Amino acid sequence: MDAADLKNRFADMKPPRTRVGVLGWIRTNLFGGWLSSILTLLILFVLYKTAVPFLKWALIDGLWTATGAQCKESPGACWSIIVRNIRFIIFGFFPLDQHWRPLAAMLLLFGLLFVSQYRRFWNRRLAWAWGAGLVVMGVLLKGGILGLPAVETEKWSGLPLTLLLSVFGLTAAYPLGVLLALGRQSNMPFIRILSVLYIELIRGVPLISLLFMSSVMFPLFLPEGVVINKILRAQMAIILFTAAYIAEVVRGGLQAMPRGQYEAAEALGLNYYLTMRLVILPQALKIVIPPTVSILISAFKDTSLVVIIALYDVLKTTQARLADPEWMGFSSEAYIFLAVLYFLGCFSMSHFSRRLERDLTHEH
């Protein structure tokens, strides 16, 4: 029997079931050797001891619509603290009959963010859409026109305040950080020294100190009768703090650019502005996308620190509800809910950065 006959005879034979499909994957990846098998069994044992009790506590024995008194008699999770207080946790002290306004503002913001993640929409129309959207969101939250009752900014709280501080804070911090990075590499000594002093000073203190300065110390330097809103002061502190860290990341990207890129721009007769806008910055900012997003994610989570200056973001409204005697003792469920909210925000930013990095790589 020659080789051709053997090939025809065994052509229709399938590989063993233990080598392909689910069983094949398990054998290859989980039980490929004695060390792999021991680690797999150890992980399964840990999951059995931790995940099973957690699922029983969270889902099987969990209560969703019970009162606080009923939850205290149950061994399971009391998700009722979220279900029964969701409106206060999300919207805080915003007037109860006007909750549709911050809800509409958040939906509009989410819509703009969703569209902005696709580069094919990056044009002038999107810029106009953002401008109009900001105006609409401001009208919805502030009111006072178009028949909407006015709502003082002291009542802006909950998730809308968290989104306001994070989204607009990070958006404003990024271009400021780029300008600081360019200033630190400037040939003009005054601009370079000023940028270095600013970056090192801000990076040398924690965000909490800046928030305290904006809340307690800054108003003391204002003329009598001049008052700046506390939310605006906190927003500026977050912007200034985040911009200093972004500046150092962008500076690393600028230093990574080969000298030949600058020389090529000079050969084309481009001035400094066009060189940076058309040649250097597009490449440098692409290089530093991962560390930049890491800083932005960290800054997004740091917005929760505004609780120390009595701003009721979503963390503070949750803590306020936990102070209610009916719901004391259910902090685990409340903080798990908050963790999910922050995870969704951080994961969305990370996913957008990976998409942007992939799109830019395919373009080149």
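The values are calculated or read from the model by the stated rules, or taken from the named source; none is laboratory data. This structure is a prediction, so every number in the text was calculated from the model and none was measured. Note that each Cβ is placed from the backbone with ideal geometry, even for glycine, and that neighbours are counted across all protein chains shown.
Quick notes on this one:
- Count of residues meeting criterion [at pLDDT below 85 and surrounded by fewer than 18 Cβ atoms within 10 Å (Cβ to Cβ)] in the range 194-229: 14
- 2 or more residues more than 18 Å from Val314 (Cβ to Cβ): qualifying helices (runs of 4 or more DSSP H) within the range 39-97: 68-72
- Helices (runs of 4 or more DSSP H) (entirely within the range 113-202) containing at least 2 residues that are assigned by TED's automatic domain parsing to the domain that holds Ser353 and not basic (Lys, Arg): 159-163, 169-184
- Boolean, Ile238 is within 16 Å of Ile199 (Cα to Cα), modelled with pLDDT of 85 or more and in contact with a Phe, Trp or Tyr (Cβ under 7 Å, 6 or more places away or on another chain): no
- Among the candidates Ile82, Ile60, residue that is at pLDDT 90 or above, out of contact with any Pro (no Cβ under 8 Å at 6 or more places or on another chain) and of a type outside the set (Lys, Arg): Ile82
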